[in-house]
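Worksheet: one structure, shown below.
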Amino acid sequence: MLSKSQARAFFLGGTFLFSAIFVFLTIDSVRQNDARTNAQNLTEDVLKGKEIWEKNNCMGCHTLLGEGAYYAPDLTKVVERRGVSWIDVFLDDPQAMFPGERKMVKYNFTKEEKGQVIAFLDWVGKIDANGWPPKPNIPIDSIASAAPSQTTTNVVKLTQPEKFSQLCIACHAVGGKGGNAGPTLDHVGSKFDADYLNRWLIDPQVIKPGTNMPKLPLSDTERKDIVTYLSALK
């Protein structure tokens with residue numbers, strides 16, 4: 001048992017110690033605030049992007065840093081996960097990227113507004129959020145077949161053009177990896193020649209009216225690289 005004086009000393013000592021720890025942690029948090037919140041990288045585009053985000057009530061469906069609704073995906077790291085090019089095309093027509101799946105409204109943003117929204121999302125993604133959102137603990141490779149065929153192995157070894165990795169892979173799968181909104185492309189080079197693939201990428205609607213594939217913003221060089229890659233998938 002403690003005497004009254006010992007109990008008083010224990011109480012006062014504990015109060016002082018934990019108060020000092022609290023003050024230290026508060027000061028340390030405030031000191032790191034600007035760096036961890038990415039405040040130094042706030043730009044006019046980021047601020048305007050936030051205004052667009054709020055004006056259109058995007059948090060009514062999406063979450064940022066864990067705050068918002070859970071109807072649609074968390075967008076905290078969407079730029080890191082999808083890339084600027086993919087988001088730019090997606091914002092033009094969400095339904096075209098995921099036909100029959102996405103319920104997102106087509107907002108008809110201007111090119112400038114899209115850039116501002118992307119700038120805001122990119123800024124949010126660089127906030128030090130202590131590891132939020134957590135990454136899946138399931139290895140991506142386990143989604144593909146455990147015993148890939150020889151064809152799949154050869155396909156994976158081909159080097160994908162940058163634009164293909166940014167845009168096409170979101171809807172199409174190659175070697176068991178990619179999206180499922182469009183058909184797999186493992187043997188597309190055996191089905192179509194380079195001229196057809198080139199004309200398809202220039203404007204899919206001209207080749208197949210009513211197709212769900214959107215017209216992608218590709219330069220001549222980017223389109224040529226993708227055609228060369230697709231032609232090798234046999």
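Of all the criteria given as (1) over 26 Å from Pro204 (Cβ atoms); (2) modelled with pLDDT of 75 or more; (3) open to solvent by less than 60 Å² (accessible area, probe 1.4 Å); (4) not hydroxyl-bearing (Ser, Thr, Tyr), the one not satisfied by Ala144 is (2). Only residues that are in contact (Cβ under 8 Å) with a residue 24 or more places away in the chain and farther than 19 Å from Glu80 by Cβ: list them for the range 10-46, please. Correct list: empty. Where helices (runs of 4 or more DSSP H) fall entirely within the range 1-119, those with at least 2 residues that are open to solvent by 70 Å² or more (accessible area, probe 1.4 Å) and among the aliphatic types (A, V, I, L, M) are at 4-36. Suppose we keep only residues that are open to solvent by less than 50 Å² (accessible area, probe 1.4 Å) and of a type in the set (Val, Ile, Thr) within the range 164-193. Which one would you say is farthest from Asp92 (Cα to Cα)? Within the range 164-193, the match that is farthest from Asp92 (Cα to Cα) is Val188.
In the range 39-98, of all residues being polar (S, T, N, Q) and out of contact with any Lys or Arg (no Cβ under 6 Å at 6 or more places or on another chain), the one that is farthest from Asn180 (Cα to Cα) corresponds to Gln40.
Against the list (1) in contact with an Asp or Glu (Cβ under 7 Å, 6 or more places away or on another chain); (2) at pLDDT 85 or above; (3) not hydroxyl-bearing (Ser, Thr, Tyr), the condition Val155 fails is (2).
Is there a residue in the range 24-43 that is of a type in the set (Ser, Thr, Tyr) and touching a helix residue (DSSP H, G or I) at 6+ places or on another chain (Cβ under 8 Å)? Scanning the range 24-43, I find at least one residue that is of a type in the set (Ser, Thr, Tyr) and touching a helix residue (DSSP H, G or I) at 6+ places or on another chain (Cβ under 8 Å), so the answer is yes.
The values are calculated or read from the model by the stated rules, or taken from the named source; none is laboratory data. Only a predicted model underlies this, so the values are computations on that prediction, with no experimental measurement involved. Cβ coordinates were reconstructed from backbone atoms using ideal geometry, including for glycine residues, and neighbour counts include every protein chain displayed. Calculation scope for accessible area: heavy atoms of the full protein, side chains included, ligands and nucleic acids excluded. Shrake-Rupley method; radii C 1.70, N 1.55, O 1.52, S 1.80 Å.
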